[in-house]
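J.: Handing you this structure, nothing more for now.
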Amino acid sequence: MLQPPAGFRTSRADGVVVLSDGALMTPDASGLYRLDSAHLHLLPSFVGQGWHAPRPELPISELEHTRGAPPLNTKEILDLATRERIVLKTEDGRLLMRGEPSALLRAHLRSASAALSKELARRHQSLWTEV
């Protein structure tokens with residue numbers, strides 16, 4: 001089962017995705033798509049476009065509980081993003097992400113975006129050396 005990225009729309013009103021070989025991928029009642037075994041080779045392409053396995057949403061009471069808890073540090077947030085297959089980067093001083101984070105990760109990203117941007121910029125700069 002695959003959940004499309006946020007804001008995903010198809011050209012068809014019924015939400016059906018037409019695959020490259022003409023096969024149809026139809027959403028179920030909850031908006032999830034089933035990729036059959038004949039099309040599993042397309043999975044990396046879907047993941048690269050932001051599709052992911054369905055994640056249960058964090059109930060509001062748990063989300064409110066995390067607001068009172070101490071925030072995660074930068075490393076813990078980056079580790080959580082990695083576990084959720086969220087890619088983070090900085091560009092023009094903005095923190096950008098690819099993928100659909102859980103409500104918990106989204107809350108931590110909002111609260112620590114400045115520190116994360118700084119850490120990602122530091123990591124990016126350390127990889128490059130002028131020739």
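J.: Using r as the Cβ-Cβ distance of ALA13 and SER111, and R0 as 41 Å, what FRET efficiency do you calculate, to the nearest 0.05?
T.: 0.60
J.: For LEU104 and VAL87 in one chain, what is 0.36 nm times their gap in residues minus the Cα-Cα distance, to one decimal in nm?
T.: 4.5 nm
J.: Quick one: which residues, 5+ away or cross-chain, put their amide H under 5 Å from the amide H of HIS52? H built at 1.01 Å from N.
T.: GLN3
J.: For q values of 0.16, 0.23, 0.26 Å⁻¹, compute log₁₀ I(q)/I(0) with the Debye formula on a Cα-only model of region 1-54, without solvent.
T.: -0.43, -0.94, -1.24
J.: What's the extension gain from MET1 to ARG123 if we count 0.36 nm per residue and subtract their Cα-Cα distance?
T.: 40.5 nm
Values quoted throughout were computed directly from the atomic coordinates according to the rules given, and no laboratory measurement underlies them. Because the structure is a prediction, the values reported are computed rather than measured. Every residue, glycine as well, gets a Cβ built from its backbone with ideal geometry; the counts of neighbours run over all protein chains shown.
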